[in-house]
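So the structure is just underneath, and the comments pick up after that.
The values are calculated or read from the model by the stated rules, or taken from the named source; none is laboratory data. Quick caveat, the model's predicted, so the values are computed rather than measured. Glycine also receives a Cβ, built like all others from the backbone with ideal geometry; neighbour counts cover every protein chain displayed.
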Amino acid sequence: MKQMSLGLPLAGAAAGTLLSLALPSKRGHIICGLAWAGLSALHAWQYRKKLAQDLKKNGGFFSMTDFPQSKLDFFVRTVEVASYIPGRARLYTRPLVGNAALANQVEKELSGASGMKSVRTNTTTGSILIEYDPATLRKNPELARMEEYIRTHVKRK
């Protein structure tokens, strides 16, 4: 089947399904819902090969490595990794801008981890500079996973 864009028809069917909830007759809602379901199935059929390749490559819909395993892991995934070299990483996060309480909490939480040499925050830029001993840090599986995430998501090297 030729690839045709289904973006607008899908959006229209979805909007019709939602808007038809306000109608006294549910016939329109059922028709829009069926159209939305049919277009969604057609869209999935069009991209089935790519979906199959992605599933094969990623090991299923959800790989356990895709989900944060701890509070620290979740935190690292909410920041932009600006730069990384083993032993030093610079992160950015908007919520840190102008938020001294959050900056103190970040410094306190990260400084307590084994292998951390220093953690400095800047509430003007939203920057977090982490300096650590890679060998010590990597002995802790959680921190090693955090470093691996930072290494693979860095914007500049």
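Here's the yes/no breakdown for (1) exposed (fewer than 15 other Cβ atoms within 10 Å of the Cβ); (2) part of a loop (DSSP other than H, G, I, E, B); (3) at pLDDT 95 or above:
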{"residue": "PHE74", "(1), (2), (3)": "yes, no, no"}
{"residue": "PRO95", "(1), (2), (3)": "yes, no, no"}
{"residue": "GLU107", "(1), (2), (3)": "no, no, no"}
{"residue": "LYS139", "(1), (2), (3)": "yes, yes, no"}
{"residue": "ILE150", "(1), (2), (3)": "no, no, no"}
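Filtering segment 120-137 down to residues that are part of a strand (DSSP E or B) and of a type outside the set (Gly, Ala, Ser), which residue is surrounded by the most Cβ atoms within 10 Å (Cβ to Cβ)? Looking at residues that are part of a strand (DSSP E or B) and of a type outside the set (Gly, Ala, Ser), I get ILE130.
Each residue in segment 115-136 was checked for being of a type in the set (Lys, Arg) and within 19 Å of GLU80 (Cα to Cα), and 1 of them qualify. Only one of the numbered conditions (1) at pLDDT below 85; (2) aliphatic (A, V, I, L, M); (3) surrounded by 12 or more Cβ atoms within 10 Å (Cβ to Cβ) is not met by MET64, and that is (3). Residue check: LYS117 meets all listed conditions (1) surrounded by 14 or more Cβ atoms within 10 Å (Cβ to Cβ); (2) part of a strand (DSSP E or B) but one, namely (1).
The conditions of being in a helix (DSSP H, G or I), modelled with pLDDT of 70 or more, assigned by TED's automatic domain parsing to the domain that holds LEU137 and touching a strand residue (DSSP E or B) at 6+ places or on another chain (Cβ under 8 Å) are met by ALA103.
Could you go through segment 10-31 and let me know if any residue there is of a type in the set (Val, Ile, Thr), assigned to a helix (DSSP H, G or I) and at pLDDT below 85.
yes
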